[in-house]
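In what follows, a single structure is set out as C-alpha cells and then discussed.
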Amino acid sequence: MAWQGSTRRGRLPRNWPQLRRLVLRRDKGVCQAPFSDGSICGREATDVDHIEPGDDHSLTNLRALCHWCHARKSSSEGGTAAALTRVRMDKPKPTHPALED
C-alpha cells in the first residue's frame with residue numbers, strides 16, 4: 001500500500017505487528033479473498049486487510065490477502081471514497097439554434 005500522504009499507519013494500534021502475525025498464522029498464510037463462485041484466492045498471503053474499512057482492528061474484521069488482491073481491494077475502496085467527494089460540473093446541454101428566441 002502506498003503510505004505517502006495517508007494517515008492510515010498512524011491510526012494502526014501499537015500491537016499491529018502482533019495482530020498481523022496472528023492473522024497470517026490463523027489464515028495459514030493463504031489469501032482469503034473470495035471469488036464470485038464462492039472459492040477463495042488461495043495464493044500466499046503477504047498482507048492483512050480490514051474487511052470493513054475503518055479503524056476496527058478486531059480479529060473478526062481482519063483477514064490475510066495476497067498483495068494482488070489487497071491492492072485491488074484498496075484501489076476499489078479509494079476510488080469509491082474519491083467519487084463521494086468529487087464535484088460534478090455538468091455543462092448545460094446546448095439547444096438547437098432554431099429553438100432559441
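Just so you know, all these numbers are worked out from the coordinates, no wet-lab data involved. Because the structure is predicted, anything quoted here is derived from the model rather than measured. Every residue, glycine as well, gets a Cβ built from its backbone with ideal geometry; the counts of neighbours run over all protein chains shown.
Suppose we flag trypsin sites (Lys or Arg not before Pro) only when DSSP calls them loop and at most 12 other Cβ atoms lie within 10 Å. Which is the longest uninterrupted stretch of the chain?
On the way: sites that count: 14, 28, 86, 88.
That gives 29-85 as the longest site-free run.
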Check: C-alpha center segment 27-46 vs C-alpha center segment 47-77, spacing in Å is 12 Å
If you fit an axis through the alpha-carbon atoms of helix 16-26 and take the longest principal axis of the Cα set of the chain, what angle between them do you get, 0 to 90°, nearest 10? 80 degrees
Taking the chain as a Gaussian network, where each spring joins two C-alpha atoms under 10 Å apart, which residue of 38, 54, 29 fluctuates the most? 38
Identify, among 51, 22, 76, the residue whose Cα sits farthest towards the positive end of the charge dipole of the chain, taking +1 on the Cβ of Lys and Arg and -1 on the Cβ of Asp and Glu, with the dipole about the Cα centre. 22
Compactness of segment 14-79 - radius of gyration and Dmax, Cα, Å: 11.4, 37
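State the extension gain, in nm to one decimal, for the chain segment bounded by residue 75 and residue 61, taking 0.36 nm per residue of separation less the distance between their alpha-carbons. List each step's numbers first, then the result.
Details: separation 14, 0.36 × 14 = 5.04 nm, distance 1.86 nm.
Gain in length upon complete extension: 3.2 nm.
What list do you get for 90, 47 if you sort them by fewest beta carbons within 10 Å? Let's see the in-between values first.
Numbers: 90 5, 47 20.
Taking fewest neighbouring Cβ atoms as first place, the list is 90, 47.
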With Cα coordinates, the longest principal axis of the chain makes an angle with the long axis of helix 67-85, in degrees rounded to 10, of 40 degrees
To the nearest 20 Debye, how big is the dipole of the chain about its Cα centre, given +1 on the beta carbon of each Lys and Arg and -1 on that of each Asp and Glu? 600 debye
